[in-house]
Amino acid sequence: MTDLATYNFAYLDEQTKRMIRRAILKAIAIPGYQVPFASREMPMPYGWGTGGVQVTASILGPKDVLKVIDQGADDTTNAVSIRAFFQKVADVAVTTKTKEATIIQTRHRIPEEGLREGQTLVYQVPIPEPLRFLEPRETETRKMHALEEYGLMHVKLYEDIARNGHIATTYAYPVKVEGRYVMDPSPTPKFDNPKMHMSEALQLFGAGREKRIYAVPPYTEVVSLDFEDHPFEVQKFDKPCALCGAENVYLDEVVLDDKGGRMFACSDTDHCEDRRDCGHAGHMLARKEAAE
Amino acid sequence: MATPLVVSEVAKSFTMHLRDGIRLPVVANVTFSVKAGECVVLGGPSGVGKSSILKMLYGNYGVDEGQILMEHDGKLVNLATAEPRTVLEVRRATLGYVSQFLRVVPRVSALDIVAEPLQGRGVAIEDARARAAELLSKLNLPTALWSLPPATFSGGEQQRVNIARGFITDHKILLLDEPTASLDAKNRAVVVEMIAEKKAKGTALIGIFHDEEVRDVVADRILDVSAFSPRNAAA
Amino acid sequence: MSAVPLLKVNDVSKFYGSRIGCRNVSFDLFPGEVLAIVGESGSGKTTLLSCLSTRLMPTSGIVEYHMRDGQYRDLARMGEAERRFLMRTDWGFVHQNPADGLRMTVSAGANVGERLMAVGDRHYGNIRAAASDWLERVEIGIDRIDDQPRAFSGGMRQRLQIARNLVTSPRLVFMDEPTGGLDVSVQARLLDLVRGLVHDLGLAAIIVTHDLAVARLLSHRMMVMKDGAVIEQGLTDRVLDDPREPYTQLLVSSILQV
């Protein structure tokens, strides 16, 4: 990459990175607690991952290998742009392989492949406050966190069951971290919630517009809220991935034509490719091969 | 025990601040006592302070000076100076009151209005209602009315609900403010009989009865309230 | 008859700068006792209620509460967490405007169940059963349990607010003009309901009202306030039947007779 000299390494100036790192350290020290930070203007609109990008920029080193996913995919606009951004401003190695990455910035998914020690998952967070939709006053939500008053969170789940007969919240499903702070896991599907629990990797959350950073350190208890008689459950898919035949993974619905044809395929594109490389094939692939 | 109510040198006046603060003396030096099983009727011309004395005894009116001693729960209580909650407790357990007018509570049935004082003393609702039903039928209140709130009842019907409510408990002291005022002869006789029963059980009764016939039957003693006129005290 | 007061109020004053909110108020409230605070607008009754319920900090004076563990605690010295816990378990607060005391955008059932969930109840079925039970007690049809209070009439909202407060079996309830914005017929129903609940549950209550009929129907005792001070207090029917102070006499004589 050229023109690197016109930017400081990883775009942000060193003072800003230090400020953000301090916020990150504090967040790690108090798992699940939202640390305010002086979020900077980034060369992209709010909602495109300005929080995640600032966190990534602050922890990125020249030897890191970066992977960026958007809804599980490495090849969507948001992922491609952010990857290109860091290639340009930090000249770091990039990859689509979950195994190879040291830092994975994600929008709304956790990779299917189990993360390991030394890896860091950076979430892009639109609204960090899990109590926000029930309690609009920031002063009040801060107090509720401080005093551990989380009854309201269950009010939300109660409403779900009352209306739908079951907890219908499928994403941004609230969790309690290390038995203390209730946290919004960002709009990941609740399918991914169990992966956060006792994760070997460090998980960092950045909300640029809302100016908050929070974290789940490795090996931290993350429990999804529920009722005794309506326990937390992840989504179940009745078919395996149409491309790689994987079961127990999160699937996206893909519309194939305008006649109602559709298939369900892995949302984690890297995982799906990996499996196909190893010779697994779902029914769509098998059909294609049969047709050839 | 034999004298559950002793009134000693009680005086009462009203200060009417809205009328340039004029002071209206009502009674002074009221002194009497009532024995268990005795019915004392307050007598004298109207406006002499009979109702005021009854209201002081019940605690509705404050007392300027003097003592109103009642035996309550094995102790003597001076109602003239007692705390509100003590007054309420005395009313609950010791002191009953049958007023001329029923203070109607919206939506509560006649039967429950009558049963309430018993319930307040810890009697189970079914038993209290059974006792209430007994009294209401004794007072010839049509059964059809029992489950209705008495707001729409006639004066005589309300009066009978009121009497039943006042008589249902075994309070040691019972104040009667013209309980027979709007009753027909038949029901008057029932009330007279009920008063006699109370006396036999040792209740101390203090009443106002304008109906001379009733008064003569129930009264053991007539206390002329004109004797407590403040003009006499001043003289 | 319990010999120990639930709430001990000693010489409480509140000043807004040099302006007096309320001054030198002292009284004891016993379990099961209903106290009405009456007076005209600006007489300091709402300020006093706020000072007693820790919504305002008194300028001077002490308010002590008899905790369930048998100890008296100075409310001003209590930690915020403990105070808030007390407020949503052992206390209730019924606002004049139900919208101030309800969550208008969650269902009636959740409004009632919130306090239970706040104290750690995690069984949906039990919470819903408790909510149904309370809706029934305040005469709201069970078929309305999943409706939001936005769709309720003023009287229903007020009854829902009461249910929401009483679900944790508090021992003390504060009410600020509970019948304030309601039609007369709706008021009567609410008063009767409150009267029954207070009686059945043995609640102690402090009710601020400018309506003497409310005081007469609900309270055992009353305090009359004027210019921030308590000018007369005593047994409710004594104060109403035999008012002593000029202002109380004026108040009582101003009641319209129907």
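Values in this text are rule-based calculations from the coordinates and carry no lab data. Note that this is a predicted model, so its numbers are computed, not measured. Because the Cβ atoms are built from the backbone with ideal geometry, glycine has one as well, and the counts that use them run over all protein chains shown.
Structure notes:
- GNM remark for chain A: springs join alpha carbons under 10 Å apart, and the peak mean-square fluctuation among A:THR120, A:THR139, A:THR269 falls on A:THR139.
- Think of it as helices only: each DSSP H run of n ≥ 4 in chain B is worth -39500 (n - 2.57), and spread over all residues that comes to -11000 deg cm²/dmol at 222 nm.
- Check: segment C:103-169 dipole with +1 on Lys, Arg Cβ and -1 on Asp, Glu Cβ, in debye: 220
- Cα-centre dipole for segment A:67-136 with unit charges at Cβ (Lys and Arg positive, Asp and Glu negative), debye to 20: 120
- The residue among A:CYS278, A:SER267, A:LEU256 whose Cα reaches farthest toward the positive pole of the charge dipole of segment A:236-280, with charges on the beta-carbon of Lys, Arg, Asp and Glu, is A:LEU256.
- Candidates B:ALA204, B:ALA185, B:ALA93: whichever shows maximal mean-square fluctuation once chain B is modelled as a Gaussian network with Cα springs under 10 Å: B:ALA185
- By DSSP, the beta bridges lying fully in segment A:1-111 are antiparallel in about 10 percent of cases.
- Antiparallel bridges, percent of DSSP beta bridges restricted to the protein assembly as shown (to nearest 5): 55
- Build a GNM of chain B with springs between Cα atoms under 10 Å apart, and of B:GLU126, B:GLU193, B:GLU71 the one that fluctuates most is B:GLU126.
- Positive end of the dipole of chain C (Cβ unit charges, origin at the Cα centre): among C:LEU7, C:HIS210, C:MET87, the Cα lying farthest that way belongs to C:MET87.
- Subset of A:LYS143/A:LYS195; B:LYS50/B:LYS201; B:LYS50/B:LYS75; B:LYS50/B:LYS138; A:LYS97/A:LYS156; A:LYS156/C:LYS14 violating a 32 Å alpha-carbon distance limit: A:LYS97/A:LYS156; A:LYS156/C:LYS14
- Anchor A:LYS17: lysines whose Cα lies under 26 Å away (excluding residues fewer than 8 positions away in-chain): A:LYS26, A:LYS63, A:LYS67, A:LYS88, A:LYS211
- Note on chain A: with charges restricted to the Cβ of Lys and Arg (+1) and Asp and Glu (-1), its dipole about the Cα centre is near 820 debye.
- Calculated [222 nm] ellipticity per residue, helices only, for chain C: -11000 deg cm²/dmol; basis is -39500 (n - 2.57) per DSSP H run with n ≥ 4, divided by all residues, nearest 500.
- Dividing the summed -39500 (n - 2.57) terms of all DSSP H runs of n ≥ 4 by the residue count of chain A sets its mean residue ellipticity at 222 nm at -8500 deg cm²/dmol.
- Structural descriptor for segment C:103-169: relative contact order 49 percent, calculated from alpha carbon pairs under 8 angstrom and at least 6 residues apart.
- Between the listed residues A:LEU25, A:ALA10, A:ILE59, the Cα displaced farthest toward the positive end of the dipole of segment A:1-85, a dipole computed from Cβ unit charges relative to the Cα centre, is found at A:LEU25.
- Whole-number percent relative contact order across chain B, with pairs defined as alpha carbons under 8 Å at least 6 apart: 29
- Relative contact order (percent, whole number), chain C, Cα cutoff 8 Å, 6+ residue spacing: 26
- The alpha carbon centroids of segment A:199-231 and segment A:58-120 are separated by 19 Å.
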